[in-house]
Amino acid sequence: MKKNVAQNPWQKISSEVKYENPWIKIVEDKVKNPAGNDGIYGVVHFKTNAIAIIPLDEENNTWIVGQYRYPLDSYEWEVIEGGCPEGTPPLETARRELIEEAGLTAEHFELILEMQLSNSTTDEVSYTYIARGLNYVGEQPEEDERLTIRKLPFKELYEMALRGEIRDGLSVASILKAKVILEADAKK
């Protein structure tokens with residue numbers, strides 16, 4: 001990932017891990033802020049990168065998953081997503097998540113989006129792929145997943161995002177980027 005070459009206006013004085021589990025680590029830094037005043041800055045370090053996959057068949061149908069999201073206490077529809085452990089290639093995780101959540105394999109994966117999910121508080125990076133050349137092999141959800149899988153035309157998924165029925169930030173950004181790519185492909 002490219003880093004900005006501008007000089008960092010923050011000065012870190014010390015760091016302390018405030019909380020850690022297998023997925024995240026929360027660090028509080030004592031800092032001098034850009035104005036030179038004492039302050040603190042909390043950073044959530046994710047031990048995984050986020051992976052999103054938009055599978056597309058020959059008719060541009062796709063698959064999404066519905067699941068309960070504990071932090072928001074709500075049921076949400078999302079594109080296929082998962083966590084990529086540190087040191088694991090994102091494409092390897094994309095292949096695994098596609099099988100786990102939708103029961104699909106794909107012959108082709110195209111990386112369409114790399115983004116920072118919430119760069120004011122986390123270091124989490126995401127990668128989105130379009131998957132094509134699909135074959136159904138059967139879902140293999142993880143033990144903590146209770147998923148509803150839905151096949152629908154990509155156009156309907158895009159409209160769900162526009163209506164606010166899809167609210168997950170990674171899903172929305174991935175859907176919008178895929179829409180631009182599909183429109184460009186249609187003009188070729």
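FYI, it's all coordinate maths here, none of it is from the lab. As the structure is a prediction and not an experimental result, all values here were calculated from the model. Neighbour counts are summed over all protein chains in view; Cβ atoms, including those assigned to glycine, are modelled from backbone coordinates with ideal geometry.
Brief remarks on what is shown
- Residue with peak Gaussian network fluctuation, the chain [Cα springs, cutoff 10 Å], from G164, G82, G103: G164
- Neighbourhood charge, 15 Å Cβ-Cβ cut-off, centred on V17 and excluding it, Lys, Arg +1 and Asp, Glu -1: 0
- Within straight-line reach of K188, meaning a Cα separation under 18 Å, sit the following aspartates and glutamates at least 8 residues removed in sequence or on another chain: E58, E59, E110.
- Computed over region 26-127, relative contact order equals 28 percent, with contacts defined as Cα pairs under 8 Å that lie 6+ residues apart.
- Candidates I112, I24, I80, ranked by Gaussian network fluctuation over the chain, Cα under 10 Å, top entry: I24
- Full extension of the chain between E156 and A6 yields a length gain of 49.8 nm, computed as 0.36 nm times the residue separation minus the alpha carbon distance.
- A Gaussian network model of the chain, with springs between Cα atoms under 10 Å, assigns the largest mean-square fluctuation among A102, A94, A35 to A35.
- Under the span-like rule (Cα at least 18 Å along the axis, Kyte-Doolittle mean at least 0.0), DSSP H helices of the chain: 169-187
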